[in-house]
Amino acid sequence: MQGGQILQRLRDRFGGAVVDTHEHRGDATLVVDRGTLVDALRFCRDEPTLGFDVLMDLTAVDYQRYPGREDGPRFDVVYHLYSLAQNHRVRVKVRVDEDDAAVPTAVDLWPIANWFEREVWDMFGVHFSGHPDLRRLLMYEEFVGHALRKDYPINRRQPLIGPKQ
Amino acid sequence: MGVGSFFTSKLDEAIGWARKYSIFQYPFVTACCGMEYMATACSHYDIDRFGAGLPRFSPRQADVLFVVGTISQKMAPVLKRIYDQMTEPKWVVAFGVCTCTGGFYDNYATVQGIDTIIPVDVYIPGCPPRPESVIDGLMKLQDKIATQTQRF
Ligand code: SF4
């Protein structure tokens, strides 16, 4: 399916829960309401004409200093889906505020989401409710804060051993 | 010069000469510099000429710790432990700018120079250093080993 058809299918199905859709140079993006996220992802996976059986990537973006987004919502959590059978892709985004940075987990849909979500938690501090084991993935337990947030100071170090800089 | 100090200085020289040609390295390889380390260690550049041809993959059998590649803050305690496990006499070579200063990884994850954790004898800059620089660093280390006061 073409990107436009995929988006049309999702708009027909989820109507008001779709915040925004856009297509740019063949990349189709769906922005969906947080309450509908899991349903939308499950529909993407299980609907035969969509058949998104692979979660290629799950990441987040911090828009704290992005022109036009300074007043929030601060984070986008981004899902990249791919269908092996159909050879097509879609990007699903959900917007979350800083005070309530939590998204329902997708581990039940794609087990690979387990580590992706741990990474997003580690780097951005977005919580995934229902995740079976939401620990840091890359940084060490003692690390304070979330390194890829825009307000994490670029030269702040938290050495485990050696001089505290 | 007294007879006693004559003999100890000659003994020092003899031990230094022996030690500088029996460098058993422990390659602590974490990143891209490892490729250049392997290139240097293979037959084309032949570091066996300097008596450094045999890496030991146990720190307890090694004399020289080659720290090759980026050291993250998470890795730092491991590196320190490896260093502590080596027996005296021991030396450390910082291989590549990442180990010398952190290189261009001026960020939350990277140790800004391994000399903040363990003492370093020779710094080999470059990203990665060419084999010629590595051999130059190795020869500088040999000079250092040969001329230092030997403890045994
Ligand atoms: S100095 Fe350059 S080549 Fe060596 S580990 Fe660092 S980035 Fe890689």
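Restricting B:PRO77, B:PRO89 to residues that are within 13 Å of the chain's Cα centre (by Cα) and surrounded by fewer than 16 Cβ atoms within 10 Å (Cβ to Cβ) narrows the list to B:PRO89.
Residues in region A:124-152 that are in contact with a strand residue (DSSP E or B) (Cβ under 8 Å, 6 or more places away or on another chain) and open to solvent by 10 Å² or more (accessible area, probe 1.4 Å) were compared, and the one that is nearest to the other protein chains (Cβ to nearest Cβ) is A:LEU148. Taking B:VAL97 as the residue in question, decide whether it is more than 16 Å from the ligand (Cβ to nearest atom) and either under 18 Å from B:MET35 (Cβ atoms) or surrounded by 20 or more Cβ atoms within 10 Å (Cβ to Cβ) (or both). Considered against the rule, which asks whether it is more than 16 Å from the ligand (Cβ to nearest atom) and either under 18 Å from B:MET35 (Cβ atoms) or surrounded by 20 or more Cβ atoms within 10 Å (Cβ to Cβ) (or both), B:VAL97 comes out as no. Screening B:GLY4 against (1) under 25 Å from B:ASP84 (Cβ atoms); (2) open to solvent by less than 70 Å² (accessible area, probe 1.4 Å) leaves a single unmet condition, (1).
Inside region B:118-133, residues that are within 14 Å of chain A (Cβ to nearest Cβ) and farther than 20 Å from B:TYR21 by Cα make up a count of 2.
Looking at B:ASP84, B:ASP46, just one residue is among the charged types (D, E, K, R), open to solvent by 20 Å² or more (accessible area, probe 1.4 Å) and within 14 Å of another protein chain (Cβ to nearest Cβ), and that residue is B:ASP84. Selection over region A:53-105 of residues that are under 20 Å from A:ALA28 (Cβ atoms), acidic (Asp, Glu) and within 13 Å of the chain's Cα centre (by Cα) gives a count of 2. Only one of the listed residues (B:ASP136, B:ASP115) is away from chain A (no Cβ under 14 Å), without any contact (Cβ under 8 Å) to a residue 24 or more places away in the chain and in a helix (DSSP H, G or I). That residue is B:ASP136.
May I ask you to verify whether B:ALA18 is within 16 Å of the ligand (Cβ to nearest atom) and either surrounded by 11 or more Cβ atoms within 10 Å (Cβ to Cβ) or over 16 Å from the mean Cα position of the chain (by Cα) (or both)? When the stated conditions are applied, B:ALA18 does not pass them. Against the numbered list (1) charged (D, E, K, R); (2) surrounded by 15 or more Cβ atoms within 10 Å (Cβ to Cβ); (3) within 16 Å of the ligand (Cβ to nearest atom), B:ASP106 comes up short only at (2).
Of all residues in region B:27-65 being within 16 Å of the ligand (Cβ to nearest atom) and of a type in the set (Val, Ile, Thr), which is farthest from B:ARG81 (Cα to Cα)? My answer is B:THR40. Close Cβ contacts (under 8 Å, 6 or more residues apart or on different chains) running from residues in region B:26-40 that are closer than 13 Å to B:SER72 by Cα to residues that are near the ligand (Cβ under 8 Å from one of its atoms) and open to solvent by 50 Å² or more (accessible area, probe 1.4 Å) are absent. Reported count of residues in region A:110-120, each being surrounded by fewer than 20 Cβ atoms within 10 Å (Cβ to Cβ) and under 22 Å from A:VAL18 (Cβ atoms), is 1. Against the conditions (1) touching a Pro at 6+ places or on another chain (Cβ under 7 Å); (2) within 16 Å of the ligand (Cβ to nearest atom); (3) farther than 20 Å from B:GLN142 by Cβ, B:ILE82 satisfies every one except (2). Take the conditions among the small types (Gly, Ala, Ser), closer than 30 Å to A:GLU142 by Cα and more than 16 Å from the ligand (Cβ to nearest atom) and apply them to B:SER72. Does it pass? Taking the combined requirement at face value, the residue does not satisfy it.
Residue check: is A:VAL120 assigned to a helix (DSSP H, G or I) and either of a type in the set (Val, Ile, Thr) or closer than 26 Å to A:GLN8 by Cα (or both)? Judged against the criteria, A:VAL120 is a match.
The values are calculated or read from the model by the stated rules, or taken from the named source; none is laboratory data. None of the values given here were measured: they were computed from a predicted structure. Neighbour counts run over all protein chains shown; Cβ positions are idealised from the backbone, glycine included. Protein only, heavy atoms only, side chains kept; ligands, DNA and RNA dropped before computing areas. Shrake-Rupley method; radii C 1.70, N 1.55, O 1.52, S 1.80 Å.
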